[in-house]
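The values are calculated or read from the model by the stated rules, or taken from the named source; none is laboratory data. Here the structure is a predicted model, which means the values were calculated and not measured. As a convention, Cβ positions derive from the backbone with ideal geometry for all residues, glycine included, and neighbour counts pool all protein chains shown.
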Amino acid sequence: MYLNLAISLAVGVFTYLHFQEVVDYQLAHLPAPPKDVEKTRDTLTKLTWIRLGVVVALAVVYMRIARSLPLRRRRTYVRLFVLTLGGCIAMAYLVIAGGSPDWTRAAQTLQGVVLLALFFTLLGSDCRAHFFAKAAR
């Protein structure tokens, strides 16, 4: 979980530091040339800011979940499971859809692998027993 968070934050920081280059890349790699370049650039700029906002919001969610892991609550397991599954789907979509620089897609692929490992760890009986042991008592 922390590795995925670290990768996500690193990509967010790198995107922030190279913001204009990311927007320029996206503009240059559109399927068809836009009719209004400035309007399209403005839209891509807004979308990139939204992505950075999502990275920050997910970092907050991850930290809240991480704080509740030692409590061994079922809802923590469910939240982590849903977040991990959603992350796997999102990373697959982002990598397949393209439109991002190669370094971003490489990081997203790495995040997808980390999330898949976490997903299968969560499915394991030891992990489930950790969260569901209280109910059996």
Condition set among the hydroxyl-bearing types (S, T, Y) and part of a helix (DSSP H, G or I), scope region 88-116, selection surrounded by the fewest Cβ atoms within 10 Å (Cβ to Cβ): answer is Y93
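Scan L47, L17, L5, L69 and give me the residue that is under 21 Å from the mean Cα position of the chain (by Cα), surrounded by fewer than 16 Cβ atoms within 10 Å (Cβ to Cβ) and modelled with pLDDT under 90.
Working: L47 fails: modelled with pLDDT under 90; L17 fails: modelled with pLDDT under 90; L5 fails: surrounded by fewer than 16 Cβ atoms within 10 Å (Cβ to Cβ).
L69 is the lone residue from the list that is under 21 Å from the mean Cα position of the chain (by Cα), surrounded by fewer than 16 Cβ atoms within 10 Å (Cβ to Cβ) and modelled with pLDDT under 90.
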Only unsatisfied item for L123, checking (1) modelled with pLDDT of 90 or more; (2) among the hydrophobic types (A, V, I, L, M, F, W, C); (3) over 16 Å from N4 (Cα atoms); (4) in contact with a Ser or Thr (Cβ under 8 Å, 6 or more places away or on another chain), is (4)
Next item on the list: May I ask you to verify whether R74 is surrounded by fewer than 14 Cβ atoms within 10 Å (Cβ to Cβ), under 30 Å from F131 (Cα atoms), in contact (Cβ under 8 Å) with a residue 12 or more places away in the chain and not polar (S, T, N, Q)?
Entry: yes
Here the residues within region 11-36 that are assigned to a helix (DSSP H, G or I) and touching a helix residue (DSSP H, G or I) at 6+ places or on another chain (Cβ under 7 Å) are V11, G12, T15, Y16, F19, V22, V23, Q26, L27
